[in-house]
Amino acid sequence: AQSVTQLDSQVPVFEEAPVELRCNYSSSVSVYLFWYVQYPNQGLQLLLKYLSGSTLVKGINGFEAEFNKSQTSFHLRKPSVHISDTAEYFCAVSEVGANTDKLIFGTGTRLQVFP
Amino acid sequence: DAGVIQSPRHEVTEMGQEVTLRCKPISGHDYLFWYRQTMMRGLELLIYFNNNVPIDDSGMPEDRFSAKMPNASFSTLKIQPSEPRDSAVYFCASSQPRDRVATGELFFGEGSRLTVL
């Protein structure tokens, strides 16, 4: 079974500052890793994903994440945030080789960007 | 292309009433997922279907919850009888593994916010 831990429930930051949202996972098998974003009153949408290859993954809206297998982490970063980045961010995992897109989500991190 | 469509967007009901939530997945998607989102538990997978067949319903909280997918373009999640602790946002999502390899990209609807008084 897999599990995902997002250590920070809320991250306040000022506009144009850098941000890192932390994600750690636990699994007995190899996993794929994902970050989803949820804007207020909307569903989730995919921000970026790691399936294989380069451990540094770039996503939409200037976000990137780095897969660190030894630390079982997949932290999300952005060098300069905008007010519009205010949203809930979810880290998720799925099992490599499975024939389904079943995802296990973390509890989410609320990013609040202040002017 | 239309995304995943859920209805109703908001539902307020009284304890003991039956609640039916509806979902239309993206055309051509093989998988359909029902998730529940609460402040306390985050996003929980309730059940998912592959080609209209329920594959894993281990996340369904109890017998009061049931889900069906009578055809490829429609699914329902029913709660009968409803209780205040069922208050949550219920999301439907669909996906289509490419070449039978899952890539983890789910397409979510905007959710149905349920309040049980």
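The values are calculated or read from the model by the stated rules, or taken from the named source; none is laboratory data. All values reported here derive from a predicted model rather than from experimental measurement. Please note: Cβ atoms are built from the backbone with ideal geometry, for glycine as well, and neighbour counts cover all protein chains shown.
Would you confirm whether any residue within region B:69-79 is without any contact (Cβ under 8 Å) to a residue 24 or more places away in the chain and not aromatic (Phe, Trp, Tyr)?
Of the residues in region B:69-79, the ones without any contact (Cβ under 8 Å) to a residue 24 or more places away in the chain are B:70-71.
If we keep only those that are not aromatic (Phe, Trp, Tyr) too, we end up with B:70-71.
Scanning region B:69-79, I find at least one residue that is without any contact (Cβ under 8 Å) to a residue 24 or more places away in the chain and not aromatic (Phe, Trp, Tyr), so the answer is yes.
Could you list, in sequence order, all residues of region A:98-115 that are in contact (Cβ under 8 Å) with a residue 40 or more places away in the chain and either touching an Asp or Glu at 6+ places or on another chain (Cβ under 7 Å) or facing chain B (nearest Cβ under 8 Å) (or both)?
Narrowing region A:98-115 to residues in contact (Cβ under 8 Å) with a residue 40 or more places away in the chain: A:103-115.
Matches in region A:98-115: A:LEU103, A:ILE104, A:PHE105, A:GLY106, A:THR107, A:GLY108, A:THR109, A:ARG110, A:LEU111, A:VAL113, A:PHE114, A:PRO115.
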Top-ranked residue of region B:97-117 - restricted to ones that are in a strand (DSSP E or B) and at pLDDT 95 or above, ranked as nearest to the other protein chains (Cβ to nearest Cβ):
B:ARG113
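Could you list, in sequence order, the residues of region A:58-115 that are small (Gly, Ala, Ser) and closer than 20 Å to B:ARG41 by Cβ? Before the answer, list the steps.
Of region A:58-115, the ones small (Gly, Ala, Ser) are A:59, A:62, A:65, A:70, A:73, A:80, A:84, A:87, A:92, A:94, A:97-98, A:106, A:108.
Scanning region A:58-115 gives A:ALA87, A:ALA92, A:SER94, A:GLY106, A:GLY108.
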Take B:SER94 and tell me if it is part of a strand (DSSP E or B), within 12 Å of chain A (Cβ to nearest Cβ) and at pLDDT below 95.
yes
Surrounded by 12 or more Cβ atoms within 10 Å (Cβ to Cβ) and at pLDDT 95 or above: which single residue out of A:LEU33, A:LEU111 fits that description?
A:LEU111
If a residue has to be of a type in the set (A, V, I, L, M, F, W, C), under 24 Å from B:VAL116 (Cβ atoms) and within 12 Å of another protein chain (Cβ to nearest Cβ) to count, how many in region B:35-71 make the cut?
6
Would you point out which residue out of A:SER28, A:SER9 is farther than 29 Å from B:PRO25 by Cα and within 11 Å of chain B (Cβ to nearest Cβ)?
A:SER9
Give region B:13-45 a look and list any residue that's touching a residue at least 40 places away in the same chain (Cβ under 8 Å) and surrounded by fewer than 18 Cβ atoms within 10 Å (Cβ to Cβ), or say none.
B:THR13, B:GLU14, B:MET15, B:GLY16, B:GLN17, B:GLU18, B:THR20, B:ARG22, B:SER27, B:GLY28, B:THR38
Would you check which residues across region B:46-83 are hydroxyl-bearing (Ser, Thr, Tyr) and loosely packed, with under 13 Cβ neighbours inside 10 Å and list them?
B:SER58
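Can you tell which of A:LEU51, A:LEU46 is under 30 Å from B:PHE49 (Cβ atoms), more than 13 Å from the chain's Cα centre (by Cα), free of Cβ contacts under 8 Å to residues at least 40 places away in the same chain and within 12 Å of chain B (Cβ to nearest Cβ)? Spell out the reasoning first.
Values: A:LEU46 fails: more than 13 Å from the chain's Cα centre (by Cα).
On inspection, the qualifying residue turns out to be A:LEU51.
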